[in-house]
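Working notes for the structure below.
The values are calculated or read from the model by the stated rules, or taken from the named source; none is laboratory data. A quick note: this is a predicted structure, and the numbers were derived from the prediction, not measured. Here the Cβ positions follow ideal geometry from the backbone for every residue, glycine too, while neighbour counts run over all protein chains shown. Each accessible area value is taken on the protein alone, full model and side chains, heavy atoms only, with ligands, DNA and RNA left out. Shrake-Rupley method; radii C 1.70, N 1.55, O 1.52, S 1.80 Å.
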Amino acid sequence: MARGGRPIIPTGGTAQRIQDQRNRSTHSIPLDKLIPYHRENVNGNPIFHDYAQEKLEQLANSLERDGQVENIIVFPSEQQPGMYEVLSGKQRTRAARLVQQKHPERNTLNATVLDLQAVKANTFALGDLTYVLTNVHRRDQLLISELGMAFEMQFQAEKHQGKAAAQGTDTLTELAQQNQTSPSFIKCARQFIPEIAISEVIDLADSGSIPVSTASQTLTRMNKETQRALMEKLKQASGQEELSSYCKKKLTTAALRALKAAYDTRIAAAEDVQSNMLTEDDTAFLFTDAKPKTVFKAPTKQALQRVIPEQLWGDQKAASDYLINAMEELKRYKEKYGEL
């Protein structure tokens with residue numbers, strides 16, 4: 001589902017390419033000829049998690065009672081001749097195998113068979129797009145890591161084709177339009193993939209134990225060595241308490257921003273790899289009752305307008321010069337007369 005509960009409806013050229021393929025004739029494929037999409041794994045883990053047993057049995061009961069309502073989408077496997085890789089319908093295939101255990105004669109599923117050459121063109125761009133968009137469209141309550149890996153696959157497929165550039169839009173905007181969500185949400189979700197975040201941070205995001213939008217701007221911007229060191233300290237401090245519940249209390253928005261500010265300071269002053277790590281002083285507030293160090297927050301437009309003459313509001317350079325001169329004047333005043 002799209003964020004906000006609306007179903008995802010592919011738009012533009014992507015929708016047309018997928019629909020052109022789905023309009024192909026229906027085939028009855030034996031269950032023992034159906035295998036998972038060979039590109040569905042990232043670092044050995046599937047992008048979309050399998051249904052839990054209870055949910056899978058509910059799907060099997062529905063399939064047994066009502067029959068197959070919608071075709072699965074497959075294409076002939078190049079790696080395993082004679083087999084068909086499933087782009088959409090892996091969970092229905094798993095459910096159908098449960099039905100087959102009670103009804104051996106029900107050993108096929110209706111499938112739309114896509115053309116192998118079309119699927120694999122541009123490094124499996126159409127295969128990846130079909131796999132992502134149909135799965136995200138059908139599922140609800142996806143984990144942030146599932147969305148992150150799905151958006152990353154979709155991002156690379158669109159970028160590889162160069163379609164967004166040809167239309168005069170950037171790839172992130174293209175994804176946002178296809179998924180009926182915002183570019184900022186897609187950018188945020190893509191931070192929680194194994195290439196960027198360590199598994200403990202991904203798990204915390206999936207469980208809702210950390211504020212995801214803030215964590216995407218803080219924890220996942222740190223290098224993995226720093227992420228691991230921080231998680232290890234939190235594990236030791238949590239004691240008998242579950243790490244997720246401990247982090248939910250400690251890794252608040254304010255705390256994450258304080259950690260990021262400290263990390264940025266270390267990076268700016270780093271002379272070698274070791275010196276950019278967070279120190280005990282940087283993280284001490286996480287293990288005591290002390291409040292996180294206040295992070296600088298830029299003044300709002302309204303606040304600036306209260307101190308800058310109105311006639312300068314439309315001239316950015318003049319307004320900047322006015323502020324700089326005012327700060328220099330204040331510095332000279334303090335040097336001569338002390339505090340105001």
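Observations on the model:
- From the options GLU64, GLU85, GLU78, residue that is closer than 20 Å to TYR37 by Cα, acidic (Asp, Glu) and in contact with a Lys or Arg (Cβ under 8 Å, 6 or more places away or on another chain): GLU78
- Within segment 135-147, the set of residues being open to solvent by less than 10 Å² (accessible area, probe 1.4 Å) and over 19 Å from PHE192 (Cβ atoms) is empty.
- Verdict on GLN79 being open to solvent by 50 Å² or more (accessible area, probe 1.4 Å) and without any contact (Cβ under 8 Å) to a residue 60 or more places away in the chain: yes
- Counted residues, segment 14-36 - those being open to solvent by less than 50 Å² (accessible area, probe 1.4 Å), in contact with a Lys or Arg (Cβ under 8 Å, 6 or more places away or on another chain) and either modelled with pLDDT of 60 or more or over 18 Å from VAL136 (Cα atoms) (or both): 1
- Criterion: in contact with a helix residue (DSSP H, G or I) (Cβ under 6 Å, 6 or more places away or on another chain), farther than 23 Å from PRO211 by Cα and at pLDDT 80 or above - qualifying residue of ALA262, ALA318: ALA318
- Restricting attention to segment 112-134, the residues being touching a helix residue (DSSP H, G or I) at 6+ places or on another chain (Cβ under 8 Å), part of a helix (DSSP H, G or I), open to solvent by 20 Å² or more (accessible area, probe 1.4 Å) and within 23 Å of ASN71 (Cα to Cα) number 3.
- For segment 101-111, the criterion of being open to solvent by 30 Å² or more (accessible area, probe 1.4 Å), part of a loop (DSSP other than H, G, I, E, B) and modelled with pLDDT under 95 is satisfied by no residue at all.
- Residue in segment 82-98 that is surrounded by fewer than 18 Cβ atoms within 10 Å (Cβ to Cβ) and over 21 Å from HIS27 (Cβ atoms) present: yes
- Of the residues making up segment 187-201, those that are assigned to a helix (DSSP H, G or I) and surrounded by 22 or more Cβ atoms within 10 Å (Cβ to Cβ) are CYS188, ALA189, VAL201.
- Screening SER182, SER209, SER238 for residues that are among the hydroxyl-bearing types (Ser, Thr, Tyr) and at pLDDT 95 or above leaves exactly one candidate, SER209.
- Total residues in segment 205-258, condition of a type in the set (Gly, Ala, Ser) and closer than 26 Å to GLN141 by Cβ: 9
- Test result for ALA303, modelled with pLDDT under 85 and part of a helix (DSSP H, G or I): yes
- Residues of segment 162-178 include none that is among the aliphatic types (A, V, I, L, M), modelled with pLDDT of 90 or more and open to solvent by less than 30 Å² (accessible area, probe 1.4 Å).
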